1. Does at least one position in the stretch 107-115 carry a residue that is aromatic (Phe, Trp, Tyr) and not in a helix (DSSP H, G or I)?
2. Please find, among ALA245, ALA319, ALA253, ALA225, the residue that is in the same structural domain as VAL98 (by TED's automatic domain parsing), surrounded by 15 or more Cβ atoms within 10 Å (Cβ to Cβ), in contact with a helix residue (DSSP H, G or I) (Cβ under 9 Å, 6 or more places away or on another chain) and on the phi < 0 side of the Ramachandran plot.
3. Give me a count of the residues in the stretch 3-23 that are open to solvent by 20 Å² or more (accessible area, probe 1.4 Å) and within 15 Å of the ligand (Cβ to nearest atom).
4. Step by step: first the residues of the stretch 102-124, then only those that are hydroxyl-bearing (Ser, Thr, Tyr) and more than 13 Å from the ligand (Cβ to nearest atom), then the one that is most open to solvent (accessible area, probe 1.4 Å). Which residue is that?
5. Pairs under 9 Å by beta carbon, first residue assigned by TED's automatic domain parsing to the domain that holds MET132 in the stretch 44-72, partner aromatic (Phe, Trp, Tyr) and outside any helix (DSSP H, G or I), six or more apart or different chains?
6. If I ask for residues that are part of a loop (DSSP other than H, G, I, E, B) and among the β-branched types (Val, Ile, Thr), which ones from the stretch 5-23 would you list?
7. Only one of (1) touching a helix residue (DSSP H, G or I) at 6+ places or on another chain (Cβ under 8 Å); (2) in contact (Cβ under 8 Å) with a residue 60 or more places away in the chain; (3) under 18 Å from LYS313 (Cβ atoms); (4) within 14 Å of the ligand (Cβ to nearest atom) fails for ALA83. Which number is that?
Amino acid sequence: MHKKRVFSGVQPTGNLHLGNYLGAIKNFVDLQNKFECVYCIVDLHAITNHQDPKELKSNILETVASFIASGLSSEKNIIFNQASVAAHSELAWIFNCVARIGWMNRMTQFKEKAGTNKENASVGLLVYPNLMAADILIYKATHVPVGEDQKQHLELTRDIAKKFNNDFKCDNYFPIVEPLIPKEISRVMSLRDGMKKMSKSEDSDQSRINLKDDKDLIDQKIKKAKTDNNSIPSEIIGLKNRHEATNLISIYASINGIEVAKVLKEFGGKNFSTFKSKLSESLIERICPIGSEIKKLLKDKNYLNKILEKGSKKADIIAKNNLKEIYEIIGLTKFT
Ligand code: TRP
């Protein structure tokens, strides 16, 4: 049996939004009292696409600020950045030699991100999932809170663990990880198009709620959010093919920590304008204090860097130790 350990990674982007919060950070906060948790800012994943160096640095700190402002404790959890712990890259190389090219080519995220010109994508983008598997398995983590879109990458992590355990005849060495996908909302969609993920890269700022948005802006964005002409159903089946309605209802359920069915019971038969004002209220109550705390924390870069430094040192001890074992299994010797 492996000791239960949670690991998750978040790409360092500035301006985190409701999708990042409900899809990831909120769950991290819920898990911190139940498990030993390791939360990583995956800066090495970020550079699979070119990043402006100055922006990258500031985005990393903004991500730490968003973690802390949302209630993640830097005492209870290990919070650090991937580039600080060399063993992630070292294990990723080993996994480059375990995973098969065909596995990489099947990844839908690669296909989406590489677009039509696959030949011109960075090699890093292709082997991105191997680094992700290394992030998780270097800590022998057993549970990984992620959004629905990362499920395929976790399947791959399981395949790599199984192949490694099998190839090197070390049964059960790497755990077979379990995804923890939020029940009420598996992905937060754009406020303008219920078929598209809420995203920082979407041109229209109206499509998302940013953690730093003020009260009036949140209210205005929710008022303008796309819905349909029908009223709110009282049963889940009534949400079928109503993507925008489903999204708003799920956001409400998730932010208030209640089930979708219960939301429908309360609002079934009502029109969206009544519901939207309640939704705005909930969002403002939850998001605005986080936004102001982020702004405050960003004024003390030294404090934020210290959090990463402390977390990195703790992570490095575990990772180095495991890497040594892994090298031994493979037949490699590390003299340093
Ligand atoms: N690929 C994840 C995303 O884009 C980020 C990530 C990198 C991750 N390494 C991870 C998530 C390890 C969970 C575990 O959201």
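The values are calculated or read from the model by the stated rules, or taken from the named source; none is laboratory data. Owing to the predicted nature of the structure, the values given are computational and were not obtained by experimental measurement. When we count neighbours, we look across all protein chains shown, and the Cβ atoms used for this are built from the backbone with ideal geometry, even at glycine. Quick note on the areas: whole protein, heavy atoms, side chains included, nothing else; ligands and nucleic acids left out. Shrake-Rupley method; radii C 1.70, N 1.55, O 1.52, S 1.80 Å.
1. No, the stretch 107-115 contains no residue that is aromatic (Phe, Trp, Tyr) and not in a helix (DSSP H, G or I).
2. ALA319
3. Of the residues in the stretch 3-23, 5 are open to solvent by 20 Å² or more (accessible area, probe 1.4 Å) and within 15 Å of the ligand (Cβ to nearest atom).
4. THR116
5. The qualifying pairs are PHE67/TYR39; LEU72/TYR39.
6. The one that is part of a loop (DSSP other than H, G, I, E, B) and among the β-branched types (Val, Ile, Thr): THR13.
7. Here ALA83 clears every test but (2).
Yes/no per residue for (1) over 14 Å from the mean Cα position of the chain (by Cα); (2) within 10 Å of the ligand (Cβ to nearest atom):
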| residue | (1), (2) |
| --- | --- |
| LEU126 | yes, no |
| ALA141 | yes, yes |
| PRO145 | no, yes |
| GLU148 | no, no |
| GLU155 | yes, no |
| ARG158 | yes, no |
| ASN165 | yes, no |
